[in-house]
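Right, one structure below, let's go through it.
No lab work stands behind these numbers, since they all come straight from the coordinates. Keep in mind the model is a prediction, meaning the values are calculated, not measured. A quick note on method: Cβ atoms are made from the backbone with ideal geometry, for glycine too, and the neighbour counts reach across all protein chains shown.
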Amino acid sequence: MSKSRKRPDGNDKVTGQLAYLTDRTFPEMLYAKVLRSAYPHARIRSICTERAKELPGVKAIITHQDVPGVNGFGIITPDQPVFCDETVRFIGDAVAAVAATSVEVAEEAIKRIDVTYDVLSVLDDPAKSLAKDAPKLRDDGNVLYKKSFTKGDVAEGFKHCTAVVEETYHVPRQMHAYMETEGGVVVPEADGGITVYMGTQHGFKDQFQLSRILDLPKESIRIVSSPMGGSFGGKDELNVQPYAALLALKTNKPVKLHQTRAESVISSIKRHPMAITIKTGADETGKVIAHDVKIVADTGPYATLGPAILDFAVEHSAGPYRFEHVAVDGTSVLTNNAVSGEFRGFGGNQITFALENQMDRLAEQVGMCPLALRKLNLRGEHDLGPLEQRIVPTTGASDVLENVERLKDQLEFKKDLPFVRTGVGIAMAMHGGGLGFGRLDGAGGRLSLSDEGKIDVSFGFEEVGQGIVAVIEELTIAALHCDENDITITIGDTNRVPHSGSTTASRGTSMVWHALERMKQEFKEKLCEQAALITDEPVNDLCLGTGGIYKGEEQVLTYRSLREQVTSEANVVVETSFDFPTTPDEVDGGHYLYTFAGVLAAVEVDLLTGQVNVTHLHQAISAGEVVNELGYKGQIEGGGVMSLGYSIMEDMGMEQGHYLKPNFDTYMLPTISDVPRLSVDAIEKLPDGDVHGPRGVGEIGTVAVAPAITKAIHDALGIWINKIPVDPSTILQAIEKEGATWWNEQPIVSHK
Amino acid sequence: MVERATDCKPQMISMTLNGERVSIQANETDRLTDVLRHGEPSLTGTKLSCGIGRCGACSVLVNGELVNSCLLMAYQVEGASVTTIEGVGKGSLDPIQIAFMEEGGFQCGYCTPGMVMAVKALLLENPEPNDEQIVEGLSGNICRCTGYEGIKRAVRAAIRKQN
């Protein structure tokens, strides 16, 4: 593979020519706005749309009464109302929507919809929701989901521990902050169906969900879902598609709905805040014997993939380590806060922060080097997976650890500046790819020769920015020995693509590779057979190459000419469908293919302000072969900086169910001035005989960054952090508590 | 002109847009972004993301200076020269654009037009900025995908290319 090929979507992106779905317009298009709830928890007494209807330019106003099918959405359970009828359960709940001749008229109309509420008490913390006298957010109470895992007997295990660390960790509600907010256009078609031009991470799933809501057959709904200006999991669930679709059907006009940033903040899903309490014990050699984990996730009022995310966190509670006794108890709790849902890392980032902090604290208590403690407890190549299931053999865990250890030994730091302390931290992670055992995780693809004589490679994936188009191009060229000018790529359109499953769970690269492996031989053979008939050359002498079919070094037929000489019926189309590989053991949600990250972070901590400045972030990734170098690097660098934000900047705070940060003026994202020196090492080696090809790297670069940064802070100051994003005032208080002040600048703890 | 609910008076605004003299109808309340994207020019390369001047996705050049077009009213560019992403690399790509492609300076591409405009403004003012100046020049433009490393590589490459 050339690996450094430029992305096929590059030219259109750097010139601004790429039409995003939110950039599109259609003749006679109307504009829509959604009225969201005025309260985080209330009963709706009345909805009156009369004053809004009177406004010139208003073409349609819809509420719960206008939903012909199921008034709910949710990838697994449709429990989030399209429009609330009796009760609103968070500040982003939708109550009504308007289509009008302009955005301004729609905005004005929304203000003129009169809704009266009876305000209910707000459950803004899982602890409140779990209290005995708490109002119930659904009939069966306030627990959305529970998941546990047990191995051995932790109570017995702790009896043999000489060092025990117990801590509660708090991780924040991170916002995806994709640059393109949700939206697009829904166009009514002549046959009574619709075309939905809106971004999503699984077009066929949107088609299914919309079919249920609109009471339309799936075949009447075409989803054009690509390209997108970012998603990171945030556009996996439905967002504004139902409103534009209902309004387009009602008005029989194209309807555009593009949320403003403020509207996006209010309505979009966020990363699950979690409180994770862990007790971990080891013997005097540092061997961990018992690990007792309790996870409480604030999932907001509706499910989306909350249960699956909790499953993932529970699965990864012991990460890449093998502990004798493990007990994990996870609870996903309903609240009146933001809906928490899918976000790059999928519960892994939260649990890894807690787990890796435990390993570091334990190392200190045992009096060991944290790396040595990790190595002692690390999984081996043929060990079972974290749920005691069989997994694909891997040396990734030890490979990434060795890489960061080597780098740590080479690091040289500038001498401490006045009032500045420096430190280095290391953390690691193991991350499952695909949806896991027992989950519908079908994949597939198609190769064909288009009428223009191009090799059309088609997948039901979406280009969200991750570079799946570059991966498809690179792998197709490698599989068929053609070049980029011979290929067209078709994705993100339910009318034109096969089922490939979701563009999530780090599965895209892996599935494209598997699909091409399955299709390439048949496709090549069939093309060569046709070429043999046309050219009278022996079929065994023919092969595919740049521009056409070759006999040795000589091109005997172009793809175009081949296509022209074959009838449409005889044209070569090769399709495949298969499932993402899962563990043979019946372990619900258990993964089979895992990737690994080793992270080294270096920080400077300002003793006067408590500010943390990350100066170097290095990631070693074990995920098999690199398909596209720029894409791979970009995923890890970008994921790393996103998690730097998670570690020291980003928290979508809420108070009494209201957002505290309405836009980017208060929700701080990393800018170019926050970026440390970044380095990425790809460890491509896989055990001999591995048949699973390159793994996806969409998530792994985000998972272990936070604990590396907090360990680096500990290295600098001797302070343990149990809550992110790290608050400078916590650091200042800790400095003061230790007796060091800026006028009496002394080493705080001698720990180096 | 963007359709409005209220009775604001549309007016003609004359400007030089990407090198061509144009007159565009705009309402008094239209932002420059609105007119560029939704008005007659239909130049959707300029993006709107935060709408409050914090992310730089809507960056354009007005008389050679970098501005957030979401913070500028359309009437304020009367008589000015406005350059959008569509005006960069017309005919053949600008070295900045080539560098963004070669160095992985973009992923989803939504911040890219604004980012390219910011680099353009930076290099117009200072053809050989050092790393610190690059950071300062691009600190008003948010990218959520790349972690900025690819963008830094691209700017350094663009500097080399133009020499």
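Normalised by the number of residues in chain A, the mean separation of alpha-carbon contacts (under 8 Å, six or more apart) gives a relative contact order of 15 percent. Treat segment B:95-162 as a sphere of radius equal to its Kirkwood radius over Cα pairs and apply Stokes-Einstein at 20 °C in a medium of 1.002 mPa s; give the translational diffusion coefficient in µm²/s, rounded to a whole number. In µm²/s, the coefficient rounds to 188. The share of Cα pairs per 10 Å bin across segment A:388-436, counted from zero up to the longest distance, runs 16, 35, 24, 15, 8, 1 percent. Label separation (A:E569 vs A:F419): 8.4 nm, computed from points 7 Å beyond Cα along the C-beta direction. For segment A:174-309, relative contact order (Cα pairs under 8 Å, six or more residues apart, normalised by length) works out to 26 percent. Using a Förster radius of 35 Å, what is the FRET efficiency between A:E364 and A:D690 based on their Cβ-Cβ separation? Nearest 0.05, please. That gives a FRET efficiency of 0.40. Taking the square roots of five times each eigenvalue of the Cα gyration tensor of segment A:617-745, the equivalent ellipsoid has semi-axes of 34, 20, 13 Å, listed largest first.
Expressed to the nearest 5 percent, the antiparallel share of DSSP beta bridges inside the protein assembly as shown is 80 percent. I'd like the distance between the alpha-carbon centres of segment A:661-707 and segment A:602-654, rounded to an integer number of Å. The two parts, judged by their Cα centres, are 7 Å apart.
Where does helix B:112-125 land angle-wise versus the long Cα axis of chain B, in degrees 0 to 90, nearest 10? Taking the Cα atoms of chain B, the angle to B:112-125 is about 70 degrees. If you sort the three axes of the alpha carbon gyration tensor as a ≥ b ≥ c, you get a/c of 1.5 or more for segment A:442-579 and a/b above b/c, which makes it prolate. Shown for A:Y646, A:Y592: other C-beta atoms within 10 Å of each C-beta, ranked fewest to most, produce the order A:Y592, A:Y646.
Taking each residue of B:89-102 in turn, how many C-beta atoms of other protein chains fall within 10 Å of its C-beta, and what is the average? Averaged over the peptide's residues, the number is 3.
Rounded to the nearest whole angstrom, the semi-axes of the ellipsoid equivalent to segment A:55-118, taken from the Cα gyration tensor as √(5λ), stand at 24, 14, 10, largest first. Cross-link check: pairs A:K146/A:K235; A:K147/A:K294; A:K6/A:K633; A:K250/A:K270; A:K159/A:K294 evaluated at a Cα-Cα cut-off of 22 Å; pairs beyond the cut-off: A:K146/A:K235; A:K250/A:K270. Overall form of the protein assembly as shown: rounded. Here a/c, set by the Cα gyration tensor axes a ≥ b ≥ c, is under 1.5. Each part gets one Cα centre, and for segment A:40-64 versus segment A:478-551 those centres are 53 Å apart. Ordered by the count of other Cβ atoms within 10 Å of each Cβ, fewest first, A:Y117, A:Y39 give A:Y117, A:Y39. Which helices, counted as full DSSP H runs in chain A, have an axial Cα extent of no less than 30 Å and a Kyte-Doolittle average of -1.0 or above? Going by DSSP H runs, the hits are A:508-535. Shape descriptor for chain B: Rg over Rh equals 0.99 (Cα atoms; Rh from the Kirkwood inverse mean 1/r). Charge dipole of the protein assembly as shown (Cα centre as origin; +1 on each Lys and Arg Cβ, -1 on each Asp and Glu Cβ, all else neutral): 1260 debye, rounded to the nearest 20.
The Stokes-Einstein estimate for segment B:11-85, based on a Kirkwood radius over Cα pairs and taken at 37 °C with 0.692 mPa s viscosity, is a diffusion coefficient of 276 µm²/s.
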